[in-house]
Each structure stands twice: as C-alpha cells, then as structure tokens.
Amino acid sequence: MENSMYSEIIESINTDISAYTDPYELMHYFFRNKEKHAIYQLLANVCSYQINADAASLSDSLSKGVLSNDLKDEDIALLDNIIVLLKHKELKAKIYHLLYLNRNIRKISDLTQAMECYFVDLSDDDSFYFSLEKLSLILLLGNLIRQTSHVSYINSKELLVRLLQENKDNNPSNALNILHIINKRRVESKNNVILWAEEISDSLISKKEYLQATLSLGIALDNLHSSKKEKISNINRIIADCYIKTARTDKGFRAAHFLLSAINTLAKIKDTRQERLELYEEMRDYQIESILDLELVETKPVNITPLHQRVEAVLNNSKDWFDMLFRTACCIANIAKFDELKQQTISEGQSLSDILFGNRVYIDHDGMSTAVGDVPSIADLGNIPEQEKQRLWSKIIERMKIHHQISCVSIVKAIDILNITYSISYAEILSLCTNNPFIPQGHEEFFAKGIYNGLKGDFLTANHLLVPQIENSLRHLLKLRAEEPTTLHGNNEQERDGLSSLLDNTEIIEMLGIDGVIHIRTILLDKRYPSLRHSIAHGFVDSNLFLGTGSIYMWWLILRFVMISYKDYWENKYMN
C-alpha cells in the first residue's frame, strides 16, 4: 500500500504527540486511542517495548513490556509504509529498532536510522538518567553492528565526555554514572578512564559520598594493569578507608557489613594484619547492637477483605518505584509463624485419611517413592514418637503450602501493578543489591538479575540465579558476626558447613528469625515440598515447577531479605 493512504491519520498523530517527551505518556496516548484505527493499536504495541541499554546482545536491546506482542509480517509492512510520515523522533527510533530485530533479512540501515533518531531525540526535557540511557544504547548498538564511525556514535561519545567534564567537580554522582557507561562501552582509553575515576572519587570523598567513591575507584582498579602493584595498593587503601568511614556513620548490621568490606579490601594490601584484627573487634561491637529485623513492616490498616483489593490498597499509596517495591517485599504478604501453624495443625486433630493412611508415601519426579528424611531439629514438635512427628510435620507443611499459595496471589498481583505503574531498570535493582548486608561482595549481579527476572515474571531464571546463592549469603551473615561457618574434623581437616547446618545455626536463626528459617528450609530442602534446591541442582524437574507456589514464594523471600535492610530509610522517607 502507498503511505499516502495513511497520511491523514499520521498527520493527526503527529499533531497530538508533538509535545510528548515521556515514553509512558506516548504509550498511554496510543492505548487510549487504539480503537480508532489499527495504526494506533500497532503503535501502542511499539511503545510498550522498553529500551535496554544494559543488554549483552542485540536481541535483548529492546525488552518486551507487560502489554507487548510480537510483530507479524503485516505489522512490519505497515510500519515500513508509515515511518517516513512520522515526525516524533523517539517513536521513529523505536520503530526502526524493532524493524531491524523482526525482519527475516535484517537491514543495517534500520539500526543506523534508529541510532540517529535516538540521538536527535535527546532534549532538555529528558531526565538526566533517561538521556544517559539513550546515549548508552546508541554506543551499544554501534558496537554490536560495528558502526563505531557512524556520526551518531561519535556524537554520543563526545557528548558523554563533555558531560563528564562538566559534572565531575560539582555533580560527581552524575559524572560517575557517565563514567560507568564510558567504561562499559570501552569508548575511551584506559588511562583516561583511570584519571577520571580518581578525579570523581576525590570529589565524592570531599562530599562524604564514600560508597559512591568506592564504585569510582573500582572502575580505576578494573582498568589498571596487574603490574601496577603500588598504584593498586594505594587505591585499595582509599577504598578501605571509605568503607571504614561509612561504617562509623551507620549502625548495627549495616556498619558490620561495611567493616567486613574494609577488612576484605585490606587483605589485598601487605602488612595490614594488625589493622584488620582491630577492625574485627570493632565489627563485633556493631553486631551486638542489632540483628536483621524481618518482622512485618506496619502500614496504615486497610479494611478490605479480597486479596487483590488489599494489594491495590497498599500499593496505591506508593510515592515512587522504590516505595512500591519495598511494599511488595514487606507489606503485601507475611511469613506465617511456625508456632501458629503447629497449633492449628494440632487442634485440627486426625482425619479419617490420617488414621487409614498414616504412613504417607512421597513420589519424586520419576514416580519413585522417596525417603523424606528426619523432621528438622529446629521444628520443636515436642516429646512425641518419631512416626507421630513425621505425620504432624507433613501436615504442617501442607498448611504452610496453603499459606504460600495465598501469599503468592498477592505477590503476583503486586508484581503486575508494579510493572504497569513503573518500568524499573536492571541498574536500579543492581543499586539496591550493592553494599547490601545480605549479599556478599562480588555476588551483587546474581541477586540483581534474579530479582529483576522475577519482576518480569520469569521465575525459572530467577530461581536458578538466586537459590544457589542462599548458602553463601548465610555464610556471609555469619562472617559479619565473626563466626566461622566450618567444621573441624578429628584428622584436622576443615570443611565448610552446608546449607542444612547453616540453617540450624543459632546465629542465623537469631538474625532471620525462626519462622523465616523454617520456611526457607522447607522450600529448599524438604522433599515433601519438594526440595527446590535439590531439584535445581540436579535438573530433576521440568520448567512448569517454576510457575508454581514454591518458586514464586522463594523469590519473594529473597526480595524481602534484600529490601529489609532499607527499612529505616523507608520509614523515615515514606511513612513520616
């Protein structure tokens, strides 16, 4: 068809959206008008895709939103006809981008056109971070299709360097975000990156932004050659000092976490043993102050019975994406108390099936009857025969599953509301996982990618990333309390405690609470559930398991542990 057939419709669209700079306003405009013509429906679909400047491949550089659909051949033909008539640069950029990704035979010109439109679309109305995201995307696309000499690529690179120079003294936090992009895209020499990283860290330290300074210095370390030993030691010394200063302005568990980071950094520097021992003593003092608080965070009471309505009532009070994410983690569901589950089960008494079929058989993924193992020692079921304990524990787990199923209704609803209301980026999740007391240094990306995938509804990927990290995180929590989670055998061989032993540890129970530990242990290790950790490690189950209750609830528990460290910040900012 000739594009002139659509000129009147496109002219109307150009007039209506000429002032729109917010991509979500643009998307809502087309969704509001989608009944007018197929073009509106198609452009609504285009706008629902979200640019992903953190992608590792071209196919991931545009992410599907909740409302996105795949393009059909007729959609591609229609977009080819109307794109020359459209004037809105961001919309054109996204169309060219999508066309490249969806054509049977790809055209490099689509992507270079997208790069040009993304660059031209940069405006004073854009937020600083959204502008950076577009510039990062242009550099990503140019690198992936080897178009680094393209004018939009060169202009983007030069603009980033100019913005960095303008911001590094007065707005070093902005400069650090720019430096992250320059470093990630490898668009400047390592010497320049090192120089800028040190200058930015000096500015951040002068403003007492010590944690951001460690991130800037980390970029410098990444670009230093291993032969520069003295330089590396000097930078590590500054990083350790930043962690120490941060710890002394914080309290309790967070302070202990930063001191441990300082100790680990000092371990890379010669002749620091005595200083590290002194810091260990100081860390113990902070550990005595407080434990990780995993009780339900109180919010204003909402007198609505249906689960979905209750979730909406809690989340509708949110002021921004962080507030809504925290409420999702800590306010829309709770961890059922073990004592209550036990008392409810005991008061229920024995059913006829219990009397007739008391010895239950549990079937594994291949239909084989399996031994379910002993009742965990931390589950205090009183002084009753072992067979009765097994029966009682099995029924408690059944009741626990019901609680998890009810909770997951709220969790999934909350994720839907969160995705429709906000577009949380991977970088924002990563920032929450950085310097988090639940997450060991160097493991932030596992947690960030796991949480991010869960927010997108991909619990298969989320659980495969997160579940293997739990054991190491528990070990990290014990180290924060100066506990060594190992067992010394009679032959003087030392062995790290496994997950089961870690979950029996009194320090872990004190930190996470007996109820949290029992829920974690049941989902991960108990074959009655079935054991999620064992199933993931050995590939025993099909992908449908990860659409179920256990995987969703486990993801939510980990999100809760990560977000609870922000409890004081959330209460001070959002509840006062």
Would you work out the charge dipole size for the chain about its Cα centre, treating the Cβ of every Lys and Arg as +1 and the Cβ of every Asp and Glu as -1, and quote it to the nearest 20 debye?
-> 600 debye
What GluC sites (Glu not before Pro) does segment 1-54 have in DSSP loop regions with at most 12 other beta carbons within 10 Å?
-> Glu2, Glu35
Projected onto the charge dipole of segment 307-575 (+1 at Lys/Arg Cβ, -1 at Asp/Glu Cβ, origin at the Cα centre), which of Ala313, Val409, Ile523 gives the Cα projection farthest towards the positive end?
-> Ala313
Solvent-accessible area per residue for the chain at a 1.4 Å probe radius, Å²?
-> 48 Å²
Roughly how tilted is helix 273-289, in degrees to the nearest 10 and between 0 and 90, from the longest Cα axis of the chain?
-> 80 degrees
How far is the Cα center of segment 367-445 from the Cα center of segment 8-28, in Å?
-> 45 Å
Longest exposed-loop-site-free stretch of the chain, with trypsin sites (Lys or Arg not before Pro), DSSP loop and at most 10 other Cβ within 10 Å?
-> 320-576
Pop out the carbon and sulfur fraction of the accessible area of segment 307-575 as a percent, whole number, probe 1.4 Å.
-> 50 percent
Go through Thr249, Thr345, Thr421 and list them by solvent-accessible area, largest first, probe radius 1.4 Å.
-> Thr249, Thr421, Thr345
Cα gyration tensor, segment 48-155 - rounded (a/c under 1.5), prolate or oblate = rounded
DSSP loop GluC sites (Glu not before Pro) in segment 144-232 with at most 12 other Cβ atoms within 10 Å of their Cβ, which ones?
-> none
Label corresponding to Cα Rg over 2.2 N^0.38 Å when calculated from the structure given, among [x] 1.88; [y] 1.47; [z] 1.10 = [z]
Got a sec? Charge dipole of segment 307-575, +1 on Cβ for Lys and Arg, -1 for Asp and Glu; which of Ser551, Leu474, Asn383 is way out at the positive end?
-> Ser551
Rounded to the nearest 500, what is the chain's calculated 222 nm mean residue ellipticity when only DSSP H runs of at least 4 contribute -39500 (n - 2.57) each, over all residues?
-> -19500 deg cm²/dmol
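The values are calculated or read from the model by the stated rules, or taken from the named source; none is laboratory data. Worth saying up front: this structure is predicted, and the values here are computed from it rather than measured. Counting neighbours? That spans all protein chains shown, and the Cβs are built from the backbone with ideal geometry, glycine included. Surface accessibility is based on the protein's heavy atoms, side chains included, excluding ligands, DNA and RNA. Shrake-Rupley method; radii C 1.70, N 1.55, O 1.52, S 1.80 Å.
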